[in-house]
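The values are calculated or read from the model by the stated rules, or taken from the named source; none is laboratory data. The shown structure was predicted, so the numbers you read here are calculated from the model rather than taken from an experiment. Using ideal geometry, Cβ is built from the backbone for each residue, glycine included, and neighbour counts are taken over all protein chains shown.
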Amino acid sequence: MKIKNKFFTLLALLLIIGIEAEPFDSTYIAKPSATSLLKNANIYDGEGNEFLGYDLLIKNGKIEAIGSDLDTRTENAIEYDLSGMWVTPGIIDLHSHMGVYSAPGVKSSSDGNESTSPVTADVWAEHSVWTQDPQFSLALQGGVTTFHVLPGSANLIGGRGTTFKNVQSNTVQGMKYPDAPHSLKMACGENPKRVYGSRRQAPSTRMGNVAGYRKAWIKASKYKQNMNSYESKSVEAKEIVSPPTRDLEMDTLAGVLDGEILVQNHCYRAEEMAMMIDIAKEFGYKITAFHHAVEAYKIADLLADNDICGALWADWWGFKHEAYDMVQENIAIIDQARNGSGCAVVHSDDAIGIQHLNQEAAKALAAGNRAGFNISKARAMRWITSNPAKAAGIEETTGSLVKGKNADVVIWNKNPFSVYAIAQKVFIDGNLMFDRQDLTSKPVSDFDLGIIKPNANRTQ
């Protein structure tokens, strides 16, 4: 009998451990890559530095060095003479719905919002991703090497987001960024109160929104307490009690409370962002970034004080009332808050804009400098590289051209902040994934082959 009890205790422990283990884990493995030497390039390293006429060495899929006249004669390196060209880290899109709102934009491929309940923390965006979405290839051609896919904004708490490498794979797991943390998508303001208020249910007001968040976090706190209480028991004590029942929704929220899942919060208005910060402090979690935050400039110092990034549009606002009060200097103000300690991220949330995030950043930079901020292009490069890497929790492995980080690299024909800049070559983990001069390197979708036509007359 004692052996039987120990067996069930072990089984219970494994179940509890399974809560913390990662299901649907990444299967991505970088292919062996050649040693590459990018010579005589102008470089923005993503850390705020500019190097003119320098070399960049890629070795074993990692950044090896930035230097002048690097010698690789003994390493059989592939050399690229980039005189007059520019090199940057791969662009990271922090706010993406690629794969969950895939092309063509028909109802059958609209999988980004599980708008069936105000709190759907149990759903994961990755379980909606269509790996053949042609938007991935188009983003790659725009220099996007990494992207973070989020659920939509219909819910107070909309579910988990996931970070992906922009590589081809027949499985979602084959695209997942290894060891990247999940995020939790939250939304405040008009969206949840409109979606659910129109159904004559809560929330129908902004005060209903706040009550909904707090109820969810109270429930999650109790769940976490029960789990921790069980896990703290001795083996003998666990033999006489049943383990708490798993709850997928609570697993996610408890992961946030444990600091393992990062909060990405859709929010437009300044006072609502401040309110969300207060809710986070009440329940002991941290907000990583506010997305679409058109009024972030009003509380820029508050965001900097709380180490919260602003993931922001360069110039798209005013399409609804809560998105009305923006200034084009929004991104620059966030960047310069508290003596330059702010974290600004440029995003687009648009299939076309995602292909030109370098130029979206250029627009934001121009607006800021017209206002007198005098921000360098090298610093602004952080807005689409190292800062989104920080907000996605992957800054230790990508986002800048630093020795030991993944060789996610873009070669541009001109300064990337130019309207005429075009990505010529894109490397992921040191592998050449796109070469504009070699059409065979371009990922091909059914669209490219003409098999699927967006306007085809067919039953959906």
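With the condition kept exactly as written, say whether any residue in the range 342-354 is surrounded by fewer than 21 Cβ atoms within 10 Å (Cβ to Cβ), more than 23 Å from SER102 (Cα to Cα), modelled with pLDDT of 95 or more and over 16 Å from the mean Cα position of the chain (by Cα).
no
Consider GLY404 carefully, then state whether it is at pLDDT 95 or above, surrounded by 14 or more Cβ atoms within 10 Å (Cβ to Cβ) and within 29 Å of CYS343 (Cβ to Cβ). Steps first, answer last, please.
Numbers: at pLDDT 95 or above: yes; surrounded by 14 or more Cβ atoms within 10 Å (Cβ to Cβ): no; within 29 Å of CYS343 (Cβ to Cβ): yes.
Here the answer is no, as GLY404 does not meet what is asked.
Name the residues in the range 83-137 that are part of a loop (DSSP other than H, G, I, E, B) and out of contact with any helix residue (DSSP H, G or I) (no Cβ under 9 Å at 6 or more places or on another chain), would you? Before you say what the answer is, go through the steps one by one.
First pass over the range 83-137, keeping only residues part of a loop (DSSP other than H, G, I, E, B): 83-85, 90, 97-100, 102-106, 111-118, 120-123, 129-134.
Hits for the range 83-137 are SER83, GLY84, MET85, GLY90, VAL106, THR116, VAL129, THR131.
Exactly one condition in (1) within 22 Å of ALA187 (Cβ to Cβ); (2) at pLDDT 95 or above; (3) of a type outside the set (Val, Ile, Thr) is false for SER110; which is it?
Here SER110 meets the rest and fails (2).
Please tell me if SER376 is among the hydroxyl-bearing types (Ser, Thr, Tyr) and either under 13 Å from ASP93 (Cβ atoms) or crowded, with 17+ Cβ neighbours inside 10 Å (or both).
Numbers: among the hydroxyl-bearing types (Ser, Thr, Tyr): yes; either under 13 Å from ASP93 (Cβ atoms) or crowded, with 17+ Cβ neighbours inside 10 Å (or both): no.
Considered against the rule, which asks whether it is among the hydroxyl-bearing types (Ser, Thr, Tyr) and either under 13 Å from ASP93 (Cβ atoms) or crowded, with 17+ Cβ neighbours inside 10 Å (or both), SER376 comes out as no.
Being modelled with pLDDT of 95 or more, in contact with a helix residue (DSSP H, G or I) (Cβ under 6 Å, 6 or more places away or on another chain) and closer than 14 Å to LEU140 by Cβ: is that true of LEU365 here?
Numbers: modelled with pLDDT of 95 or more: yes; in contact with a helix residue (DSSP H, G or I) (Cβ under 6 Å, 6 or more places away or on another chain): yes; closer than 14 Å to LEU140 by Cβ: no.
The answer is no for LEU365.
Looking for whichever is closer than 30 Å to GLN135 by Cα, surrounded by 21 or more Cβ atoms within 10 Å (Cβ to Cβ) and polar (S, T, N, Q) here; the options are THR171, THR252. Which one fits?
On the way: THR171 fails: surrounded by 21 or more Cβ atoms within 10 Å (Cβ to Cβ).
Residue meeting the stated conditions: THR252.
Checking ARG200 against (1) under 29 Å from ALA392 (Cα atoms); (2) among the basic types (Lys, Arg); (3) out of contact with any His (no Cβ under 6 Å at 6 or more places or on another chain), which test does it fail?
Result: ARG200 fails condition (1) only.
Given THR116, THR146, which one is modelled with pLDDT of 95 or more and within 30 Å of ASN415 (Cβ to Cβ)? Outline the logic, then answer.
Numbers: THR116 fails: within 30 Å of ASN415 (Cβ to Cβ).
Just one listed residue meets the conditions, THR146.
Evaluate the following for LYS425: is it in contact with a Cys (Cβ under 7 Å, 6 or more places away or on another chain), surrounded by 19 or more Cβ atoms within 10 Å (Cβ to Cβ), at pLDDT 95 or above and charged (D, E, K, R)?
Working: in contact with a Cys (Cβ under 7 Å, 6 or more places away or on another chain): no; surrounded by 19 or more Cβ atoms within 10 Å (Cβ to Cβ): yes; at pLDDT 95 or above: yes; charged (D, E, K, R): yes.
No: the conditions fail for LYS425.
Name the residues in the range 388-399 that are surrounded by fewer than 24 Cβ atoms within 10 Å (Cβ to Cβ) and not hydrophobic (A, V, I, L, M, F, W, C), would you?
So in the range 388-399, the residues surrounded by fewer than 24 Cβ atoms within 10 Å (Cβ to Cβ) come out as 390, 393-397.
Hits for the range 388-399 are LYS390, GLY393, GLU395, GLU396, THR397.
I'd like to know if the range 117-140 contains one or more residues that are within 27 Å of TYR44 (Cα to Cα), touching a residue at least 60 places away in the same chain (Cβ under 8 Å) and of a type in the set (Asp, Glu).
We begin by selecting, within the range 117-140, every residue within 27 Å of TYR44 (Cα to Cα); these are 135-140.
Those left that are additionally touching a residue at least 60 places away in the same chain (Cβ under 8 Å): 135-140.
If we keep only those that are of a type in the set (Asp, Glu) as well, we get none.
No; the residues of the range 117-140 include none that is within 27 Å of TYR44 (Cα to Cα), touching a residue at least 60 places away in the same chain (Cβ under 8 Å) and of a type in the set (Asp, Glu).
For LEU138, state whether it is more than 22 Å from PRO23 (Cα to Cα), surrounded by fewer than 22 Cβ atoms within 10 Å (Cβ to Cβ) and over 13 Å from the mean Cα position of the chain (by Cα).
On the way: more than 22 Å from PRO23 (Cα to Cα): yes; surrounded by fewer than 22 Cβ atoms within 10 Å (Cβ to Cβ): yes; over 13 Å from the mean Cα position of the chain (by Cα): yes.
Considered against the rule, which asks whether it is more than 22 Å from PRO23 (Cα to Cα), surrounded by fewer than 22 Cβ atoms within 10 Å (Cβ to Cβ) and over 13 Å from the mean Cα position of the chain (by Cα), LEU138 comes out as yes.
Looking at ALA293 and the list (1) closer than 18 Å to HIS97 by Cβ; (2) in contact (Cβ under 8 Å) with a residue 24 or more places away in the chain; (3) not in a loop (DSSP other than H, G, I, E, B), which single condition is not satisfied?
(3)
Mind checking which residues of the range 15-32 are modelled with pLDDT under 95 and either within 12 Å of GLY430 (Cα to Cα) or part of a helix (DSSP H, G or I) (or both)? Steps first, answer last, please.
The initial filter retains those residues of the range 15-32 that are modelled with pLDDT under 95, namely 15-23, 31-32.
Result: LEU15, ILE16, ILE17, GLY18, ILE19, GLU20, LYS31, PRO32.
Please specify each residue of the range 101-128 satisfying the condition of being under 25 Å from VAL426 (Cβ atoms) and either among the polar types (S, T, N, Q) or crowded, with 24+ Cβ neighbours inside 10 Å (or both).
SER102, ALA125
For the range 317-340, indicate whether the set of residues that are on the phi > 0 side of the Ramachandran plot and under 20 Å from the mean Cα position of the chain (by Cα) is non-empty.
Looking through the range 317-340, none of the residues is on the phi > 0 side of the Ramachandran plot and under 20 Å from the mean Cα position of the chain (by Cα).
Quick check on my filter: what residues within the range 44-75 are more than 29 Å from the chain's Cα centre (by Cα) and at pLDDT 95 or above? Working first, answer last.
Filtering the range 44-75 for residues more than 29 Å from the chain's Cα centre (by Cα) gives 52-55, 67-75.
Selection gives LEU52, GLY53, TYR54, ASP55, GLY67.
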